[in-house]
Each structure stands twice: as structure tokens, then as C-alpha cells.
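The values are calculated or read from the model by the stated rules, or taken from the named source; none is laboratory data. The shown structure was predicted, so the numbers you read here are calculated from the model rather than taken from an experiment. Cβ placement follows ideal geometry from the backbone for every residue including glycine, while neighbour counts extend to all protein chains displayed.
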Amino acid sequence: MSIIIMMNPASSKFIQAIFLMLLMWQVEFVCAEEVRCIESERQVLLNFKASLVDTDGKLCLSTWRAEEDKRECCQWKGVGCSNQTSHVEILDIGGCYLTVTMTLVYLDLSKNDIVGSLPSQLGNLSNLKLLDLSFNGLEGTLPSQLGKLSSLLTLFLGFNYLKFDNENHMGGQWLSNLTSLSHLDLSEMSNLNNSNTWLQMIGKLPKLTQLVLQSCSLSEDFFLSLDPSKLTFPTSLTVIDLSLNPVKSSVMKFLMNICTLRSLIMHDTNLSEELSTFFHHLSIGCIRYSLQELHLDYNQITGTLPDLSILPSLKILRLDSNRLSGKIPDTIKLPSYFESLDVESNSLEGGIPKSFGNACTLSSLILSDNSLSEELTLIIHHLSGCARHTLQELYLDFNKINDTIPDLSTFSSLKVLYLSENRLNGKIPENIPFPPQLEILQMGGNSLEGVITDYYFANMSKLKSLVLSNNPLNLIFSQNWVPSFQLDTIQLRSCKLGPSFPKWLQTQFNLEDLDISNVGISDNVPEWFWPIATNLYSMNISYNNLTGIIPNFPLRPFTFPSIILAANQFEGSIPPNLRSAWYLDLSKNKFSDSSLFICANGIDKSLGLLDLSYNRLSGKIPDCWNNFKSLGYLDLSNNNLSGEVPSTIGSTLELRALILRNNSLIGNLPSSLMSCTKLLMLDVGENKLSGVIPFWIGSTLQHLKMLSLRRNHFSEKLPLSLCYLSNIYLLDLSSNNLNGQIPKCFNNFSAMAKEGFSSHDAIHITEANFEFHGTLISYFAYYDLIAFLMWKGVESIFKNNNLLLKGIDLSSNQLTNEIPSEIEDLVGLVSLNLSRNNLSGKIPLRIGRLTSLEFLDLSRNHLSGSIPSSLTQIDRLTMLDLSHNHLSGKIPTGTQLQSFNASNYEDNLNLCGMPLQKLCTEEEPSKEPLGKFDEDEDSIFGHGFYISMAIGFVIGFWGVIGPILVSRSWRHAYFRFFNNLSDDIYVRIAITVAKWKLWLKH
């Protein structure tokens, strides 16, 4: 096929898409006979045909006709249309020998998921001025024939898998031929770090103004290897974007002498030096006089704000999401024409210096999410210089600012004011006027009090967003009030707005985001509200006392709203049209029928979260779940549902959480659930399910973090496949009919073998993906994993981080044998409940390794032996129950074991010591086996003692008695000694007695 194309610059992108498919790719053709042709696209095809010459005589386009009876272009040969939108999506005229006489000047095929390599024939389009192929799946090396596009003004090749041909030493030399080029985007080129030839060629482009090199892996070593004296840059270059490269500070010698640069973008580049040092580098090069925009957001820059006036031309500075800290110096100066400062998400303290208020061109000041603590009155006073006439945006939300709302009326240009999530308090003055130009007013999440009336908004006709949520404010508006504004956002959560439904909402025709949850409304929802709800992309009217039946009102096409109607008194059937939402919470109402909603015709590709818990749904769960392709969270708990779990529920392949707790479901869990391999949470507790625990729960649902089968009728042994649940945090199989022993392989629960948890573990997301006019759109829903767990004798609710308490509950079953010692490896366990079973043997000796334990219940088993002394090592233990076992010996002393109630040890007949009244009469020998060292030491002491005693006896006997028996002279001397000794003792006693008698007579 030989093709030369000429096209008017104003031609549609549809023709551009046709061109690239003709030139490069062949696609499969699918014909949709029932789809009706879009007239504008039919005309484009006919115009395209008119420019063709059929050189082979095959008349491939003979069905492309203008007659009325031939108008269905979706039935033309080689044309395929979308079943949903009727747009032409496929054009296949491969094999036709056609010549096209056009001149293409504009080709934009970005964001189309096009794959393959770039054909060299692109170089034949010599009249091209714009070529945009960014954000596709293109790969391979760039053809040098692109250098023929000498008329090209804009070349966008970024975010593909393309690279320069460095192996053949081409290295992008063809770039130097694009002498008309002004915009060049090479983002995510994979091998720019290997050679600098391409950079030298860029220096030869005389008209280049913008160079984008995002995410090209340009390293610090690459820039250190450059010789700035040998590099030249076009004198027209004004913008360089080096974002998402690990360049660090080494890039400065490469940049500081580009004297024409106005905008430097270094978003997320691992910069970690002090901000004052970075500014010093800029100030010693000629860039200081030209630089107007500096983007340094999402780095690791430290220090505080330096004197910005050393860059005299600077107008815009972005430093959000860094590590700046301390107070902003009072001596700081801003450049003469400074316009915008963004230091959001740092750790700046104190307040705002007066110099900011003297910046007479300042229009935007963003200080959100810091630690500013100055009074709001003083901050406003410091900004009340000439900046009060120019300041349009002031972001002070998420700080520690106190005080009440001051007079802001002098800020005549102020359009955006963010004060949410601070420490503002006190009553809002009754006569305070807000700036008349204000479009966004956000003051939610404070402690502001008082009464807000329609007087406050009398002159605010331009207001578009009003956020007052989470303040104890009383909103009292006139019954027939007609506001002068048209809001798109209203958030009044937890203010006092009721008891009547606010009639003034009827006047708001642009409303897109509405939150009037928990505002004290006790009323029937008026009929006029539901047509307004049609246009909302976010509606939260939960936690009121709203009544009525929700009509089947249509939702605005392709808005996929978030709808929260929880905790009201709505009743009747759930309308089918609500399936068009992506987040739908209808919990805690009185809905009685969901079959029309679940089984409505058509496949749903948008609904990501569905919560129907705590309603009055009864009967069987509808068996139509194969209609839900994006459902990630499903909660049908706390209803009156009965029958078996339907098999089609296993067709929800995106499901992350399935909660069917507290119904009357029977039978086995359907094997189709093994297809839901993305499940993080499966809770079917408190039903009447029976049979064995399915083996596939462990073998295929290996991402599970929470599994609850409690209070059912599951029987037989625990399957060993459960040991594959390495990510499990909470395992609750309590109150069933399970028997056999606890598997030793439970130590494979690696998540429980780690202390604590990461912040990522607490985030639970479901994603909805769907197509809109051929573009894939993703929505994300964040949700709580909620668990019911016996905690300290009471059934408690745990969610978010508290859910991740790492617990095992196997209580109230018929488990036998010993507690496996392998359970000692689960050092992250916070709760362990094995009570009310038939467990025997001893408590694991090293159970004290479980230092994270707060709850331990081993009561009502047949455990014997002593309480391990290692238990004293657990200093977090707040609940311990060892009662009703056969434990013996002394309760170990130390830490808190004596602080528990005596009832926690009762019915262990041979147990003694505090806190029991039965005291230990003597120190009983330890029931625990001795260590090897102690046993050997005791043995050595015993043997040595007896050997020494025997040797002493022999020596004593033969040293004294032996000589007397052997020698006669020794015998005579021996007895003579004892005779003389006795005589001497007798004489001495006689003399002593005579003296005592003589003394008594006198």
C-alpha cells in the first residue's frame, strides 16, 4: 500500500487515527450490525474516500456510499463501531492498493495504548508540524528518518518504551536536523543515561524553547560527567523539566549558566540539601536573572525559607512536600514581582512575616499542612499591606492556627480561603462580612460556634464552594431564602441544620458535591430533591432521620457518583438506577427488597462498593452477581437473609471484602468463591453454614487478612491448607464443631510472626474500571475492614488500624491434644483465645515470647502442669484467664500475674499462690525441666560430696586407730595418757570443791 496524505490542520482527530492505522498497524475487524452510524463520522469517511485513488481496481470501498439507503457506515466494508457509543473504532482496509493525496500537518495519537515500533515511513510526512505519540506502548529505537521532519514544531514521544540507537553510534544525531523544533518531550526514554550525544544535538536546535526529560533515569553520575564548558544550549530555551530523575544537587553546574531559562521543574528528584544552599548555587550563575518559575516539590529539601530576593526575577516557587522546618524568618524578602508561594506539607512553625503582606504582586499563598500556630488575627494583620489588594488564594488549612474569624473584607481580590482543620474557636461575629469576590470558603474541622444566617452570604454572589463541616454551628436560614450564589460544593456535616429538610437547596442548580450528614434533619425527603440528586457526583445525607421511598431517579451519565444514605429510615425496594454509582452505602435503613437492584438487566462496570448491611432484607440472596464486574466490597451483614450463598457471587472477580455476617444462611460455602483470589476479608460468621472448612480458602485465597467463620456449624478437622494464609491478621473460627488438633504449621502465619504493622496494611482499596468513549477510567473506594471479636469477655468492634491486632480465636470447639509449641513463633499476636475446648498437656514453656499479647484465654480445657514462668515476661497482658483446667504449683510472681482476679485462676485444684487464697506451704520443686547446665551442676555437687566424706573417714580411722592396733608401745602410751588425764581432772575438781566449801563457811 502506497500512501501520501494531505490534511487540513482543522481536521478531526478521527482522520488522524485513520491515518496511523492505515500507515502502521493492521487490526481485527468486528462488525456490529445493529449499531447506527454517527452522521459526522460518516461524512469524514466519505471525504476520506474522495481523496483516494483505487489503483488496483478492487473497489475495496465500493460499499462506502452517500445514498440514504447506504447511510449505515457501521456496516460498510472494513468499518467497525462500538456497541456502546456507536463511534467508529476499527478501520481495516488492508490488502487494498490505494493512493492518498493529502498533506498531513497535525498528528496527535497520544493516550491510545498503541503498541509496536515506530515505522521509518514516518519520515516521509515532511509537512508535519506536530507529532504527539506520548502515553502509548511504543517500543524499540527511534528511527533516524525522523530527522527528515524539518517542518516539525512539536515532538512529543514521552512515556513509551522508546530509546535512542546508541549501539550504532547514532545517539540522536538526527535531532540536529529538526531546526524548526520548539517543543521536545523525551520523557521516560530508557537509555539517555548511556550517552550525551543527544544532549549535544539538542544544543543545535536554534528555536527550542521547551525540553521535557521526565523520568529518564538521569543520574547524578551522568551530570557529573558533563563538561559545562563544552555544552551549548539554544538561546531560545526557556523551560527544562527534569522531574522524576535522581539528579540531586549535581545538576546545578549544568543549569546555573543557562541564561535564558525561565522555568526550572525538578519535581521529585531526590534533592536533599538545605534550601539556602540550593539558592546560593542559583545565585552565582546567570540563571538568577532569568529564572521566573522554580518547582522543587516532592523532594527532601531541609532548612527553612531563605531570602528569596536573591533571585530577583522569581515569580513562582513550589516547595510542597519537602522537609522544611522552623519559623519563617521575619527578615525574609520576596522578589519585586513575586506572585505565588507553595510550601504545603512541610513542618514550618510560627506565623507569616510582615514582608509577605508588603509583596504587592502576591496572588497565591499556600501554607497548608504545616505546624503554623500563630493567631489568625495576627496572620491576617501581617498580610494586610498592599498584598490585600492582590491576594487571590490563601491556603492555611491543616495547621494549628487558633483564634476566631477576623474581618476579611479588606481583601478585595480574595477568591479562595482554606481554613479547615485548625484550632479556630469561639463565635463567628454576627456582623462580619466576607470578601464579595470569594468563590471558595472552607472552614471545616474547627470549633467555631454561633449562629450562621443568610445575612453572612448577602453579598457573596460568586460563592461556589461552602465547607463548614464538623463545627458546632447552628445554621438558621429564612424559610423562603433564595441565595444569590450557585454552589457546586456544600459540606455541612455535623452542623445543626434541621429538623426540616433545607428548602433553599431547591435553588441550587449546579450542585455536584453535597454533604449534609448528621445535621439533625427529621423529615421526609421532598420530591424536588431527587432531580437535583441526578447531577451529583457525591451525595452524603446519612445519619439523619430521613424517611420515604427512594424513587428510581436517573444518575447523570458517566458521573459514577458516591452515594451515602446510611443510618436513616428509607424503606421499600432499592431502585435499580443506583447501580450506576461507584460507591453506594445504603446501610442502617429499612430496605426490604434488593432483587430489582441486583438483578436489573445489563452488566455493571462501575459499582465498586455496595453496603446493604443492617436493613430488613429477607429471603434468599439474589443469584445475579455475574452482572457486577468491578465490585470490590460487598456487605450484606445483619439482615434476615436465608438459603445458601449463591454460586454467582464467585463471579465478582475484583472482590476484596465479602461480609455476610449475622444472617440465617445455610449449606456449604460455594466453591465458586475460590475464583475471588483478591479477597482480603471473608466474614460469614453468625450464620448456619455447615460442612467442612473448604480447603480452597487457604490454597487459593492467599491474600486474606481476615477470615471469620465464627458461630456456624462447621465440623471435622481444621484443614492444613489454612497454613497457606501467610498474610492473615485475624483468624476467627470460634463456636463451631471443629475437632482434632491445632495444626503445628500455624507458625506459617508470617504476618502474625512480625511485631506491629506497616501503614500500608491499614489501607484497603477497591477499584472500579470502566470505559468512557474508549478511555479506561479508574475510581478508587477506600473502606474499613470491620471485625467483631470477643475482647475481654465482651463482643467488640474493631476497624482500620485496630482491626490489625493480629488475633486467633478457636474457642468453643472440640479441639484436642496439646497446644503446639510452634505457636510461640507468632510473636506479633495480640489476642489468643483457645478457651472452651478439650485441649490437654502443658502450656507451651516459652509462651512468654509472645510479648505483644494483651489478651490470653486458655480457660475451660484440660491443661495440666505448672504455669510457665516465662508468662511474667509479657508486660502488656491486660486480660488473662486460665480457669477451669488442671494446673498445679505456684503462680509465678512478677509483673501483673498477681493483679488479675482470683476467678481467672479458679478451679485449678493444685494451684497456689497470690492472688488465690490458697497459699503454698513450702517451696515446691519446679515442675519445669531443668536446663542442661543446671542438671550437670547438681550432679557434680552430689558426687563430690560423697567422695570427700569417704576419703575423710579412711584417713581419720587409719591415722588414729591404726597405730594403736599395730604398736604395743603406742597402746601403753595411749592408755597411760588417758589414766593420767583422768587423775589430773579428778584432783583439780576436788581442790575446787574444797575452796567453795571454805568460802561458804566464811
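For the residues Leu149, Leu133, Leu162, the requirement of being surrounded by 21 or more Cβ atoms within 10 Å (Cβ to Cβ), under 16 Å from Leu208 (Cα atoms), in contact with a Leu (Cβ under 7 Å, 6 or more places away or on another chain) and modelled with pLDDT of 85 or more singles out Leu149. For the residues Ser325, Ser272, the requirement of being more than 26 Å from Pro228 (Cβ to Cβ) and surrounded by fewer than 18 Cβ atoms within 10 Å (Cβ to Cβ) singles out Ser325.
Name the residues in the range 662-681 that are closer than 20 Å to Ser735 by Cβ and at pLDDT 95 or above, would you? Can you show your working first?
Applying the first criterion (closer than 20 Å to Ser735 by Cβ) to the range 662-681 yields 662-669, 681.
Within the range 662-681, Asn662, Asn663, Ser664, Leu665, Ile666, Gly667, Asn668, Leu669 qualify.
Answer yes or no: is there a residue in the range 716-727 that is under 18 Å from the mean Cα position of the chain (by Cα), at pLDDT 90 or above and not β-branched (Val, Ile, Thr). Give the steps one after another, and end with the answer.
From the range 716-727, those under 18 Å from the mean Cα position of the chain (by Cα) are 727; that's our starting set.
Remaining after also requiring at pLDDT 90 or above: 727.
Keeping just the survivors that are not β-branched (Val, Ile, Thr) gives 727.
For the range 716-727, residues under 18 Å from the mean Cα position of the chain (by Cα), at pLDDT 90 or above and not β-branched (Val, Ile, Thr): present.
Of the listed requirements (1) in a loop (DSSP other than H, G, I, E, B); (2) crowded, with 18+ Cβ neighbours inside 10 Å; (3) not small (Gly, Ala, Ser), Asn545 misses just one: (2). Residue selection: Leu682 satisfies the criterion of being free of Cβ contacts under 8 Å to residues at least 60 places away in the same chain, assigned to a strand (DSSP E or B) and not charged (D, E, K, R). Scanning the range 887-904 for residues that are on the phi < 0 side of the Ramachandran plot, touching a helix residue (DSSP H, G or I) at 6+ places or on another chain (Cβ under 8 Å) and β-branched (Val, Ile, Thr) yields one hit, Thr893. Note on the range 684-709: residues that are at pLDDT 95 or above, charged (D, E, K, R) and buried (at least 21 other Cβ atoms within 10 Å of the Cβ) amount to 1. The residue of the range 177-190 that is surrounded by the most Cβ atoms within 10 Å (Cβ to Cβ), among those that are at pLDDT 85 or above, under 22 Å from Ser117 (Cβ atoms) and among the polar types (S, T, N, Q), is Ser187. Among the residues of the range 518-533, is there at least one that is aliphatic (A, V, I, L, M) and in contact with a Cys (Cβ under 8 Å, 6 or more places away or on another chain)? For the range 518-533, residues aliphatic (A, V, I, L, M) and in contact with a Cys (Cβ under 8 Å, 6 or more places away or on another chain): present. When you scan the range 198-213, do you find a residue that is more than 21 Å from Asn127 (Cα to Cα), touching a residue at least 40 places away in the same chain (Cβ under 8 Å) and buried (at least 16 other Cβ atoms within 10 Å of the Cβ), even just one? Yes, the range 198-213 has at least one match.
Could you tell me whether any residue of the range 198-214 is within 36 Å of the chain's Cα centre (by Cα) and modelled with pLDDT under 90? No.
Determine, yes or no, whether Glu822 is in contact with a strand residue (DSSP E or B) (Cβ under 6 Å, 6 or more places away or on another chain), surrounded by fewer than 18 Cβ atoms within 10 Å (Cβ to Cβ) and among the charged types (D, E, K, R). No: the conditions fail for Glu822.
For (1) crowded, with 19+ Cβ neighbours inside 10 Å; (2) within 23 Å of Asn545 (Cβ to Cβ); (3) modelled with pLDDT under 95; (4) polar (S, T, N, Q), each residue gets a yes or a no:
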{"position": "Asn471", "(1), (2), (3), (4)": "yes, yes, no, yes"}
{"position": "Phe477", "(1), (2), (3), (4)": "no, yes, yes, no"}
{"position": "Gln491", "(1), (2), (3), (4)": "yes, yes, no, yes"}
{"position": "Gly498", "(1), (2), (3), (4)": "no, yes, yes, no"}
{"position": "Phe501", "(1), (2), (3), (4)": "yes, yes, no, no"}
{"position": "Phe509", "(1), (2), (3), (4)": "no, no, yes, no"}
{"position": "Leu514", "(1), (2), (3), (4)": "yes, yes, no, no"}
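Scanning the range 807-837 for residues that are within 15 Å of Met752 (Cα to Cα) and part of a loop (DSSP other than H, G, I, E, B) yields Leu826, Val827, Gly828, Leu829, Val830.
Would you confirm, using the coordinates I've provided, whether Lys629 is under 24 Å from the mean Cα position of the chain (by Cα) and among the basic types (Lys, Arg)?
yes
Conditions tested, residue by residue: (1) among the charged types (D, E, K, R); (2) surrounded by fewer than 19 Cβ atoms within 10 Å (Cβ to Cβ); (3) at pLDDT 95 or above.
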| site | (1), (2), (3) |
| --- | --- |
| Glu339 | yes, no, yes |
| Asn346 | no, no, yes |
| Glu349 | yes, yes, yes |
| Ile352 | no, no, yes |
| Ile366 | no, no, yes |
| Ile380 | no, no, yes |
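Of the residues in the range 271-284, at least one is in contact (Cβ under 8 Å) with a residue 40 or more places away in the chain and not acidic (Asp, Glu).
Each residue in the range 219-251 was checked for being at pLDDT below 85 and either surrounded by fewer than 20 Cβ atoms within 10 Å (Cβ to Cβ) or under 11 Å from Leu271 (Cβ atoms) (or both), and 17 of them qualify. Annotation: of all residues in the range 860-874 being in a loop (DSSP other than H, G, I, E, B) and touching a helix residue (DSSP H, G or I) at 6+ places or on another chain (Cβ under 8 Å), the one that is surrounded by the most Cβ atoms within 10 Å (Cβ to Cβ) is Ile874.
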